[in-house]
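The values are calculated or read from the model by the stated rules, or taken from the named source; none is laboratory data. Please read these numbers as outputs of a predicted model, since none were measured by experiment. Every residue, glycine as well, gets a Cβ built from its backbone with ideal geometry; the counts of neighbours run over all protein chains shown.
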Amino acid sequence: MTEEHLHHRILVIGGGNGGISVAARLRRLGVDDIALVEPREEHLYKPLFSHVAGGTARASITVRPQRDVIPKGVEWIRDGVTSIDPDRNAVELAGGDRVTYDHVIVCPGIQLDWARIAGLEAALQTPAVASHYEYALAAKASLLLRDLKEGTVVFTQPPGPASCAGAAQKPMYQACDYWRATGVLDQIRVVLVVPTDTVYGIPAFDAELDRCIEEYGIELHTSSELLEVDAAAQEVVIGGPEGAERIAYDVLNVVPPQSAPDWIKNSPLAGPRSEGGFVEVDTRTLRHPRYPNVWTLGDAAATTNSKCGGALRKQTLVLARNLVAVLRGEEPGDSYDGYAVCPFTVSRSTVVWAEFDDEGELSPTIPFLKGMYRENRLAWIADRHILPWVYWNLILTGRV
């Protein structure tokens, strides 16, 4: 690599939804000399992982070569970041290179902290434990749930910040619908463990999900979390209001605790009060309050919204416009409104379309379809079939 390639006007860290789409938006706004740091050779559409685990999508349709989604005119640096020095406008890469920048956009996603649950990493290697938050493990979960005819299945949702936390529940509802259709639901004890006081924490959505939970006969443990997995005994330890409880399982689907990547936690970018070590940020402009040439979005940012892919569509637009304004010598003028969305697949053909802001208020994209938060077939079609096409063809190209 020659010296002139070690400095870029814009450096984007992360080649997921946020990184690719914000780079594409900047290119469409006329910005040049953009480089994107991403070590992975494959790009994943993670919202479909719950459909894979639930048996309504093939794993193969969630992945494409990373080179196919890199925006034209953006240099791809196939490496990972190990540290950032915002005082010197520089990042260190795993391969040993040092790259400097005029502006940096930090969006590497979130870190899955498997080791924070005692016994979990070892348990994932056993036949009865899976997680739809990893590509290979989502396919494993699909087979486990499909083949279960009796026994106990436990689904867990982690406490603290998490990427689309509600997605922890999605395969469960699809599996219950399948078990009901095949006549075995009555022989299966379904346990859901959530850290919140209610199933989701927003009354309108709680009402819909509670109805589904009652219909399927799901055993709901609120204000609870997974503390330990004993793979040898096939038992989990759940901590809740009444103390610890051991539950034997035949199948366990875990969503692990999550936090910012370690190199962010250990950097000056992390917010002093950010649970999980996420990048400190002005939640409206998406600019760092202490480093004006540092921007952030997505799961790595300490924004107040629910972390989810759906929030990125608005975040990337706001950030791109604000960054372009700054490049022109102007002040940021666009503001992110805290929008988030979580399509709950509550059966194999219906979805509860939960759209809300960072204060928990309903925030429907289409005002005259306010009823989308009630279980319906149209939302399923949008989530399973329309949005994947929109993602690959419009979102990643910076068009929407």
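Somewhere in the stretch 260-275, is a residue closer than 18 Å to Leu144 by Cβ and within 19 Å of the chain's Cα centre (by Cα)?
no
What's the total number of residues in the stretch 60-75 that are assigned to a strand (DSSP E or B) and buried (at least 16 other Cβ atoms within 10 Å of the Cβ)?
The total comes to 1.
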Only one of these is modelled with pLDDT under 95, buried (at least 16 other Cβ atoms within 10 Å of the Cβ), part of a loop (DSSP other than H, G, I, E, B) and not assigned by TED's automatic domain parsing to the domain that holds Gln315: Pro161, Pro195. Name it.
Pro161
Quick one: Phe205 ticks every box in (1) closer than 17 Å to Thr156 by Cα; (2) buried (at least 21 other Cβ atoms within 10 Å of the Cβ); (3) not polar (S, T, N, Q) except a single one, so which number is it?
(1)
Give the residues of the stretch 277-314 that are small (Gly, Ala, Ser) and out of contact with any Lys or Arg (no Cβ under 8 Å at 6 or more places or on another chain), sorted by residue number.
Ala300, Ala301, Ala302, Ser306, Gly310, Ala311
Would you mind stating whether Ser21 is of a type in the set (Ser, Thr, Tyr), surrounded by 15 or more Cβ atoms within 10 Å (Cβ to Cβ) and touching a His at 6+ places or on another chain (Cβ under 9 Å)?
no
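Mind listing just one residue for me: the one in the stretch 76-116 that is of a type in the set (Phe, Trp, Tyr) and assigned to a strand (DSSP E or B) and, of those, farthest from the chain's Cα centre (by Cα)?
Initially, the stretch 76-116 is screened for residues of a type in the set (Phe, Trp, Tyr), giving 76, 101, 114.
From the residues that got through so far, the ones that are assigned to a strand (DSSP E or B) too are 76, 101.
On the way: Trp76: 23, Tyr101: 27 Å.
So, considering only residues that are of a type in the set (Phe, Trp, Tyr) and assigned to a strand (DSSP E or B), the one farthest from the chain's Cα centre (by Cα) is Tyr101.
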Checking Asp186 against (1) surrounded by fewer than 17 Cβ atoms within 10 Å (Cβ to Cβ); (2) of a type outside the set (Gly, Ala, Ser); (3) under 30 Å from Val12 (Cβ atoms), the condition it does not meet
(3)
From the option list Gly240, Gly271, Gly276, single residue qualifying as at pLDDT below 95 and not assigned by TED's automatic domain parsing to the domain that holds Ala94 is Gly240
Is it true that Tyr178 is among the aromatic types (Phe, Trp, Tyr) and either crowded, with 24+ Cβ neighbours inside 10 Å or under 19 Å from the mean Cα position of the chain (by Cα) (or both)?
no
Subset of the stretch 127-150 that is part of a helix (DSSP H, G or I) and touching a helix residue (DSSP H, G or I) at 6+ places or on another chain (Cβ under 6 Å) - its residue that is surrounded by the most Cβ atoms within 10 Å (Cβ to Cβ)
Ala141
Working only within the stretch 249-259, note down all residues that are within 17 Å of the chain's Cα centre (by Cα) and either in a loop (DSSP other than H, G, I, E, B) or among the charged types (D, E, K, R) (or both).
Val255, Pro256, Pro257
Which of the helices (runs of 4 or more DSSP H) contained wholly in the stretch 296-400 include at least 2 residues that are surrounded by fewer than 20 Cβ atoms within 10 Å (Cβ to Cβ) and in the same structural domain as Arg9 (by TED's automatic domain parsing)?
309-327
